[in-house]
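One structure is given here, and the rest of the page talks about it.
The values are calculated or read from the model by the stated rules, or taken from the named source; none is laboratory data. This one's a predicted model, so the numbers in the text were calculated from it and none came from an experiment. Here the Cβ is made from the backbone with ideal geometry for all residues, glycine too, and neighbour counts use every protein chain on show.
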Amino acid sequence: MLMGLYIQAREYRIMDYRISRSLRMKKRILVGVVLTAVVVYVSSCCEMKCCAKKCKEPGKMSVKTEQFGKTADGQQVDIVTLTNGKGLTARIMTYGGIIVSFEAPDRSGKPGDIVLGFDNLDGYLKGNPYFGAIIGRYGNRIGGAKFTLDGKEYKLAKNEGENILHGGAGGFDKVVWKIEKAEAKSSKAELKLSYTSKDGEEGFPGNLKCLVTYALTSDNKLEMKYEATTDKPTVVNMTNHAYWNLAGAGSGDVLGHELTINADKYTPVDKGLIPTGELKDVKDTPLDFTKPMTIGARIKQIDIGGYDHNYVLNGKAGKLKFAAKVYEPTSGRVMEIQTTEPGIQFYSSIGLNGSLKGKDGKAYVKYGALCLETQHYPDSPNKPTFPSTVLRPGEKYETTTIHTFSTK
Ligand code: FUC
């Protein structure tokens with residue numbers, strides 16, 4: 001009997017050992033399967049990312065110049081392609097210094113063109129609301145198209161009612177710029193464009209020698225630098241008028257884009273969009289973008305049908321500071337803007353209505369893009385309390401705006 005019990009207990013122990021051994025085996029198999037799955041997933045992700053990189057970028061900075069067409073009066077227009085080796089590609093033409101296309105990857109690494117524009121030069125020559133262009137000599141409006149400097153009144157070329165907008169009908173967006181340099185360095189692909197605006201052009205005094213530098217950097221920045229000198233006292237306020245749609249140009253409206261603007265105040269305007277001279281708080285108004293907010297959330301509350309306002313940036317003018325940030329949730333694209341300028345015009349493409357067909361024949365609808373034009377305040381030449389836009393001989397006009405691209 002004792003012997004029987006001993007044998008039974010031994011059998012139980014053997015069974016127990018066998019069960020736990022098979023459990024251990026099962027555990028090991030399960031861990032093995034999970035680990036293999038993780039390794040396969042991670043390596044396929046890496047491959048996808050590397051492929052996405054390889055497919056869209058040679059891994060190096062590059063600059064390429066090609067002919068793009070001719071203006072109505074026969075001037076040759078070139079187009080320069082800058083690539084930063086990290087997925088950013090900018091195509092900029094010498095007519096108006098226009099950013100014709102700007103490719104940036106979405107969160108899966110797929111590139112997309114995120115500025116409005118046309119496939120060819122003719123599209124631009126037919127007329128459009130300043131797509132991607134360098135704006136000057138004076139970006140935004142000067143009331144009554146006149147100003148007085150050192151006791152002398154200058155009458156400017158009106159092109160919007162009684163006022164002048166964006167430097168007049170023959171502004172910097174409509175002239176052919178000269179390529180001074182198009183060069184790929186180790187940390188940036190750079191294009192330098194020059195233009196000399198003649199004394200009296202659109203009514204502005206002084207021969208104004210301008211140099212605009214566009215650069216794509218290895219850390220995914222688009223740097224824009226504006227420089228100018230004059231031989232007579234004058235006013236200068238240059239900017240770029242790119243129409244951004246981070247979901248892709250022509251993909252619909254930007255009402256779902258999330259925007260932050262680093263400004264507690266804005267410059268209220270009259271019916272002709274000329275500042276009254278006051279600075280008002282954005283707090284408790286639909287203009288408040290001090291915290292991220294979708295563009296569409298309060299747009300219906302704006303009496304002029306959408307945003308077209310100059311914001312007074314927090315921080316020091318002349319110092320590079322955070323100005324604005326845009327996030328587009330479907331693509332994951334993020335664009336952050338820093339500038340040395342004291343203001344930024346947030347324009348929500350109120351003027352587009354779907355009749356203009358751009359790249360690939362896509363219609364550019366109302367609110368189809370947003371412009372964030374870094375600038376001095378509108379009508380500063382007539383507003384002594386605003387930061388000055390006066391440039392005198394011997395001085396150098398120098399401003400910088402940087403757009404940084406990422407995804408989240
Ligand atoms: C912005 C606006 C103007 C104009 C132009 C096309 O600079 O401030 O109102 O419509 O873009």
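Summary table below
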| item | result |
| --- | --- |
| Condition broken by Asp73, with the remaining ones in (1) farther than 30 Å from His376 by Cβ; (2) in contact (Cβ under 8 Å) with a residue 12 or more places away in the chain; (3) of a type in the set (D, E, K, R) satisfied | (2) |
| Enumerated strands (runs of 3 or more DSSP E) restricted to segment 317-363, each holding at least 3 residues that are within 16 Å of the ligand (Cβ to nearest atom) | 343-347 |
| Those residues of segment 139-197 which are crowded, with 19+ Cβ neighbours inside 10 Å, among the aliphatic types (A, V, I, L, M) and within 22 Å of Lys221 (Cα to Cα), in sequence order | Ala182, Ala189, Leu191, Leu193 |
| Of residues in segment 260-276 being under 21 Å from the mean Cα position of the chain (by Cα) and within 16 Å of the ligand (Cβ to nearest atom), the one surrounded by the most Cβ atoms within 10 Å (Cβ to Cβ) | Ile261 |
| Answer from Val235, Val212 - the residue that is under 20 Å from Gly139 (Cβ atoms), touching a residue at least 60 places away in the same chain (Cβ under 8 Å) and touching a helix residue (DSSP H, G or I) at 6+ places or on another chain (Cβ under 6 Å) | Val235 |
| Looking only at segment 364-399, and only at residues there that are touching a Lys or Arg at 6+ places or on another chain (Cβ under 8 Å) and within 16 Å of the ligand (Cβ to nearest atom), the one that is nearest to Asn262 (Cα to Cα) | Tyr377 |
| Output for segment 227-252, where each listed residue is part of a loop (DSSP other than H, G, I, E, B) and either over 16 Å from the mean Cα position of the chain (by Cα) or at pLDDT below 95 (or both) | Asp231, Lys232, Pro233, Val236, Ser251, Gly252 |
| Residue count for segment 124-134, restricted to those that are in a helix (DSSP H, G or I) and of a type outside the set (A, V, I, L, M) | 1 |
| Selection from segment 135-168 of residues that are within 16 Å of the ligand (Cβ to nearest atom), assigned to a strand (DSSP E or B) and in contact with a helix residue (DSSP H, G or I) (Cβ under 8 Å, 6 or more places away or on another chain) | Ile135, Tyr138, Ile142, Asn163, Ile164 |
| Segment 164-182: number of residues that are over 18 Å from Val77 (Cα atoms) and not β-branched (Val, Ile, Thr) | 5 |
| Any hit, segment 287-302, residues being within 25 Å of Glu162 (Cα to Cα), in contact with a His (Cβ under 9 Å, 6 or more places away or on another chain) and not hydroxyl-bearing (Ser, Thr, Tyr) | yes |
| Counted residues, segment 206-226 - those being surrounded by fewer than 20 Cβ atoms within 10 Å (Cβ to Cβ) and more than 28 Å from the chain's Cα centre (by Cα) | 1 |
| Check on Ala104, small (Gly, Ala, Ser), surrounded by 24 or more Cβ atoms within 10 Å (Cβ to Cβ) and modelled with pLDDT of 95 or more | yes |
| Of residues in segment 107-123 being assigned to a loop (DSSP other than H, G, I, E, B) and under 17 Å from Leu372 (Cα atoms), the one nearest to the ligand (Cβ to nearest atom) | Leu116 |
| Residue within segment 177-188 that is within 16 Å of the ligand (Cβ to nearest atom) and either assigned to a loop (DSSP other than H, G, I, E, B) or touching a residue at least 12 places away in the same chain (Cβ under 8 Å) (or both) present | no |
| Candidate set from segment 256-281 (those that are assigned to a loop (DSSP other than H, G, I, E, B) and in contact with a Phe, Trp or Tyr (Cβ under 6 Å, 6 or more places away or on another chain)); member that is nearest to Ala323 (Cα to Cα) | Asn262 |
| Checklist (1) in contact with a helix residue (DSSP H, G or I) (Cβ under 8 Å, 6 or more places away or on another chain); (2) within 23 Å of Leu372 (Cα to Cα); (3) surrounded by 24 or more Cβ atoms within 10 Å (Cβ to Cβ) applied to His241, failing item | (3) |
| Test set (1) β-branched (Val, Ile, Thr); (2) outside any loop (DSSP other than H, G, I, E, B); (3) away from the ligand (no atom under 16 Å from the Cβ) - Thr290 fails condition number | (2) |
